[in-house]
Amino acid sequence: MKVLRDFLDKQKPHFEKGGKLHKLHSTFDAFETFLFVPNKVASTGAHIRDAIDMKRTMIIVVIAMIPALIFGIWNVGYQHFLSHGMAYDFWPMFGLGLQKVIPIIIVSYVVGLGIEFAFAQSRGHEVNEGFLVSGMLIPLVMPPDVPLWMVAIATAFAVIIGKEVFGGTGMNILNPALTARAFLFFAYPGEMSGDKVWIAEKADAYSGATPLGHLLVDEIGKLPSDWAMFLGTIPGSIGETSTLAIILGALVLIGTGIGSARIMFSVVAGGLVMGLLFNLWGANDYMTIPAYQHLIMGGFAFGAVYMATDPVTAAQTTRGKYIYGFLIGFIAVLIRVFNPAYPEGMMLSILLLNVFAPLIDHYVVQANIKKRLKRVKVLAKA
Amino acid sequence: MSTVTKIKKGLNINLIGEAEKIIADLKTDHYAIKPIDFNGVFPKMLVKEGDHVKAGTPLFFDKKHEYIKFTSPVSGKVKEIKRGPKRLLLEVKIESDNKDEKIDFGLADPKTLDKEAITEKLLESGLWPMIRQRPYSVIANPKDEPKAIFISTFDTAPLAPDNDLIVHGNGEAFQTGIDALSKLTSGKIHLNLDADATHSKVFTNSKGVQMNYFSGPHPTGNVGVQINKIDPINKGETVWYLYPQDVLSIGRLFLSGHLDPTRIIALTGSEVLRPQYYRTKIGASLEAFTTNNVTKVKKRYISGNVLTGKKIELDGYVGFYHTQITVIPEGNYYEFLGWALPGMKKFSMSKSFPSFLFKNRKYRLDTNLHGGERALVMTGQYEKVFPFDIYPMQLIKAIMVEDIDLMEQLGIYEVDEEDFALCEVVDTSKTNIQEIVRRGIDLMHKEMS
């Protein structure tokens with residue numbers, strides 16, 4: 001590693017102030033810090049610091065997404081051959097999945113990181129690591145058959161409008177990956193909903209509807225088994241189908257303490273409560289499905305584990321997190337059942353609560369402020 | 001035993017280099033009082049280089065409060081008055097002549113004196129600056145009426161000195177100090193003890209105090225946390241606080257009539273060969289401690305503990321309020337793919353490094369930041385190590401935008417930067433939180449005075 005370090009040290013002066021490549025210093029810095037944790041020391045305040053940094057945090061989230069990604073890749077192939085009525089071994093299915101998914105991942109990262117680098121450069125900042133996660137989340141919420149140019153513009157939209165206009169990582173109001181998904185959903189509804197997009201190069205005769213699709217048209221009898229929905233051998237966005245794989249990811253996030261378990265569990269609680277309320281009401285078939293089925297269909301689990309927990313766009317106070325999570329689950333199921341135009345209530349519910357998260361925090365913090373004021377008043381009386 | 005306040009939030013960081021419980025006398029002729037140790041003080045010199053001083057001779061005073069004087073700990077010669085940029089007073093160096101000449105402030109029994117007489121003695125002898133106040137963590141204003149005085153008898157910071165050992169055999173001086181302090185407030189004197197570790201009779205037999213027991217991880221020993229749990233500060237109120245060795249000095253002033261700035265200092269840290277305690281005086285030179293007693297690697301010398309101490313150079317001096325020196329390795333090295341590798345030996349509060357499996361491991365930590373500074377992204381981290389009924393992230397943001405009203409509403413009167421030290425340690429975004437909090441407190445102090 002000494003050779004590499006020496007090489008970087010030799011190149012460094014070119015990128016520093018006054019060097020001929022100073023304009024590219026953010027880019028150099030990004031690569032340098034990727035290879036080597038910097039030699040910076042604590043100059044003020046505490047003299048020792050925790051070993052965790054933003055890169056470590058983000059790489060853990062990416063690791064947590066790997067089960068869902070691998071299952072998704074296999075499922076893309078599996079659904080394709082299933083629709084053609086062909087049975088194949090693992091590797092051909094996985095191979096086809098790779099063919100479909102890898103280009104989407106590459107497009108997402110290249111476009112997103114390109115924009116991130118450009119913005120960091122123009123602002124003279126260091127490149128933020130946030131997109132390492134967003135860049136993987138975006139492919140996982142795409143249908144397998146999405147055209148690559150759509151991935152590119154959705155990613156560009158999400159990074160520029162969803163994040164950079166607010167000031168970059170840490171300042172955004174909406175989750176960037178969901179912004180990308182929502183952009184496609186509203187801009188190209190034909191390609192993002194209906195029955196044909198959820199299976200790669202589907203055979204025409206095969207239905208291919210997702211469980212949510214079936215329910216929208218009251219085909220409750222055509223719902224796959226609970227087991228299939230839990231394992232994820234159903235059509236859907238690349239990473240969302242397998243609740244099992246997502247639970248594995250959730251365990252990584254909760255175990256390392258990087259994802260908020262409070263939010264995950266309260267989303268689940270919110271979804272279950274709304275599902276049970278609908279059971280009580282029972283006005284149509286959709287309302288009568290067992291509440292737990294909401295958790296294993298569509299993007300509910302994926303949203304709860306990877307999207308709702310985004311610390312930047314979620315509520316920041318402990319109490320606020322419970323409220324925020326609960327309302328996400330609650331409203332997601334509400335939208336699913338009540339609004340036939342939007343089969344995937346989870347996406348809209350999270351975006352809605354992203355917008356309301358600061359308000360929730362505001363009231364939680366106000367309660368603390370009032371408590372402090374009350375202390376003074378009690379004292380003044382006494 | 002009365003009720004124990006249990007504190008759950010916080011974090012104990014186990015480091016290598018705890019001081020062995022031996023006290024040796026330190027041999028040095030070099031001392032310095034550092035005006036920069038005192039928040040909000042504008043020093044005005046009273047001596048020149050070359051002047052002869054006795055123990056207790058005023059060296060400088062605070063321009064804003066002329067009665068607050070800072071005195072020489074030893075007799076000798078003013079060797080140098082060191083200034084920094086903009087003529088900022090850094091150090092007033094005294095070279096001891098070993099004659100031990102002392103100014104006589106007069107013997108007295110504090111029980112027979114009134115508040116004015118005691119205040120006068122403390123001001124004249126230069127012991128007054130040991131008494132500080134919340135809010136703002138500045139030297140107390142003798143004209144104020146504090147609602148209580150808090151003394152934390154235990155320190156929970158990494159490698160912190162053991163006060164039981166330090167006060168051992170000094171029961172009379174401690175009680176006399178308490179007697180003097182009790183004349184300064186109409187409220188209570190809170191003596192806060194560690195429910196599990198404080199055993200010294202000096203503390204437990206004290207009279208005229210309310211004893212409060214605490215148990216929990218750092219920052220439980222911080223006086224700010226204890227005030228928050230026992231009797232939180234409201235707007236317009238003042239609480240005074242000081243530390244056990246300060247009480248001893250005050251007690252000895254009344255018992256002997258002389259300034260006795262004796263300090264027992266723990267020399268700690270992984271780079272110290274024989275970590276132990278030393279008996280010396282306030283402002284002792286660092287070199288006397290470290291000669292032939294530190295490793296050969298590039299080191300950082302800290303006056304205080306690793307969380308809140310100040311970096312000093314080898315030719316520097318121990319700070320006025322510090323009872324500990326910590327020596328740890330500097331961390332100015334590059335680490336290949338350090339963020340991605342498992343990192344078996346790294347310390348982290350998060351469980352993203354496997355080292356969390358070894359709960360009792362002691363670490364040799366260096367000063368590396370372990371990453372670049374980023375925007376505030378993660379949430380809920382500070383709350384895990386911040387046992388106040390205060391929202392730390394929101395308060396920090398209020399300080400960053402200098403919203404005075406919001407800072408006040410969110411509780412800035414109750415905190416000091418030391419209370420945020422652990423937030424700073426565990427922060428993923430590597431923000432210098434203590435610096436921000438100090439800026440906020442200073443701003444508030446300026447606005448309110």
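Observations
- Area accessible to solvent at B:Glu66, 1.4 Å probe radius, in Å²: 120
- Solvent-accessible area lost in complex, 20 Å² minimum, residues of the stretch A:153-169 relative to chain alone, 1.4 Å: A:Thr169
- B:Lys147 - accessible surface, heavy atoms, 1.4 Å probe, Å² rounded to 10: 50
- Separation in nanometres of the label points that stand 7 Å from Cα toward Cβ, at A:Gln366 and B:Lys235: 1.8
- Per residue, chain B exposes an accessible area of 39 Å² to a 1.4 Å probe, with every protein chain left in place.
- Positive minus negative residues near B:Gly319 (Lys, Arg vs Asp, Glu; Cβ under 10 Å): +1
- For chain B, modelled as a GNM whose springs connect Cα atoms under 10 angstrom apart, the maximal fluctuation among B:Leu314, B:Leu193, B:Leu113 occurs at B:Leu113.
- In the B-A interface, the accessible area buried, summed over both sides, Å² (probe 1.4 Å): 6000
- Heavy-atom accessible area, 1.4 Å probe, ligands and nucleic acids excluded: residues of the stretch A:46-76 down by at least 50 Å² from chain alone: A:Ala46, A:His47, A:Ile48, A:Arg49, A:Asp50, A:Ala51, A:Ile52, A:Asp53, A:Met54, A:Arg56
- Counting, for every residue in A:2-10, the Cβ atoms of other protein chains within 10 Å of its Cβ and taking the mean gives 1.
- Most simply put, chain B has about 60% antiparallel DSSP beta bridges, counting only bridges with both residues inside it.
- Label point at B:Val297 placed 7 Å out along Cα→Cβ; residues across the stretch B:311-336 whose backbone nitrogen lies under 14 Å: B:327-335
- Relative intensity, log₁₀ I(q)/I(0), of the stretch B:70-126 from a Debye sum that treats every alpha carbon as a point, q = 0.16, 0.23 Å⁻¹: -0.69, -0.92
- Residues in the stretch B:1-37 reached by a label modelled at B:Asn205 [backbone nitrogen below 20 Å; 7 Å Cα→Cβ]: B:1-2
- Filter on B:Lys63/B:Lys397; B:Lys82/B:Lys183; B:Lys229/B:Lys351; B:Lys34/B:Lys143; B:Lys82/B:Lys298; B:Lys281/B:Lys345 - keep pairs with C-alpha separation over 27 Å: B:Lys63/B:Lys397; B:Lys82/B:Lys183; B:Lys229/B:Lys351; B:Lys281/B:Lys345
- Computed over chain A, the per-residue total of -39500 (n - 2.57) for DSSP H runs of n ≥ 4 gives a 222 nm mean residue ellipticity of -20500 deg cm²/dmol, rounded to 500.
- Convex hull (Cα only) mean projected area of the stretch A:38-161, reported in nm² to one decimal: 10.1
- Rg followed by Dmax, in Å, when chain A is reduced to its Cα trace: 23.1, 83
- Those residues of the stretch B:393-425 whose amide nitrogen sits under 12 Å from the label point placed on A:Val378, 7 Å along Cα→Cβ: none
- Averaged over the residues of B:388-396, the number of partner chain Cβ atoms lying within 10 Å of the residue Cβ comes to 3.
- Charge-dipole axis of the protein assembly as shown as Lys and Arg at +1 and Asp and Glu at -1 on Cβ define it, positive-most pick from B:Leu255, A:Gln11, B:Gly380: B:Leu255
- Here is how the number arises for chain B: DSSP H runs of 4 or more residues each give -39500 (n - 2.57), the sum is divided by the residue count, and the result at 222 nm is -6000 deg cm²/dmol.
- Unit charges at the beta carbon, dipole of the stretch B:54-113: most positive-side option, B:Leu107, B:Gly56, B:Ile81: B:Ile81
- Using only side-chain charges placed at the Cβ, +1 for Lys and Arg and -1 for Asp and Glu, the dipole size of the protein assembly as shown relative to its Cα centre rounds to 1200 debye.
- Two-site label geometry, B:Lys77 and A:Ala187: point separation in nm, points 7 Å out along Cα→Cβ: 8.0
- Taking every C-alpha pair closer than 8 Å and separated by at least 6 residues, the mean separation divided by the residue count of the stretch A:90-242 gives a relative contact order of 22 percent.
- Alpha-carbon centroids, the stretch A:251-303 and the stretch A:15-60: separation in whole Å: 40
- The protein assembly as shown - percent of accessible surface contributed by carbon and sulfur, probe 1.4 Å: 60
- Remark: chain A carries 42 Å² of accessible area per residue (probe radius 1.4 Å; ligands, DNA and RNA excluded).
- Summary of packing: across the peptides B:168-175, A:172-179, the per-residue average of other C-beta atoms within 10 Å ranks them, highest first, as A:172-179, B:168-175.
- Signed unit charges on C-beta, dipole axis of the stretch A:32-109, positive-most listed residue A:Leu82, A:Ile59, A:Ile105: A:Ile59
- Cα shape, the stretch A:202-294, gyration tensor, a/c 1.5 rule: oblate
- Shielding by partners, peptide B:333-344 (average Cβ within 10 angstrom, other chains): 6
- Cα gyration tensor category, rounded, prolate or oblate, for the stretch B:13-146 with a/c compared to 1.5: rounded
- Size estimate for the protein assembly as shown follows the Kirkwood approach: the inverse of mean 1/r over distinct Cα pairs works out to 29.9 Å.
- When each of the peptides A:50-62, A:359-371 is scored by the mean number of other C-beta atoms lying within 10 Å of its residues, the order from highest to lowest reads A:50-62, A:359-371.
- The packing ranking of peptides A:316-329, A:30-43, B:38-51, highest mean first, is A:316-329, A:30-43, B:38-51, where packing means the average number of other beta carbon atoms within 10 angstrom of each residue.
- Point-to-point label distance, B:Tyr67-A:Leu24, nm (Cα→Cβ direction, 7 Å offset): 6.8
- Note on A:Ala291 and A:His14: with the Förster distance fixed at 51 Å, the Cβ-Cβ geometry gives a FRET efficiency of about 0.25.
- GNM result for chain A, Cα springs below 10 Å: residue of A:Ala261, A:Ala228, A:Ala308 fluctuating most strongly: A:Ala228
The values are calculated or read from the model by the stated rules, or taken from the named source; none is laboratory data. What you see is a predicted model, and the numbers here were worked out from it, not measured in a lab. Cβ atoms come from the backbone with ideal geometry, glycine included; neighbour counts cover every protein chain shown. Areas reflect the complete protein model, heavy atoms only, side chains present, ligands, DNA and RNA absent. Shrake-Rupley method; radii C 1.70, N 1.55, O 1.52, S 1.80 Å.
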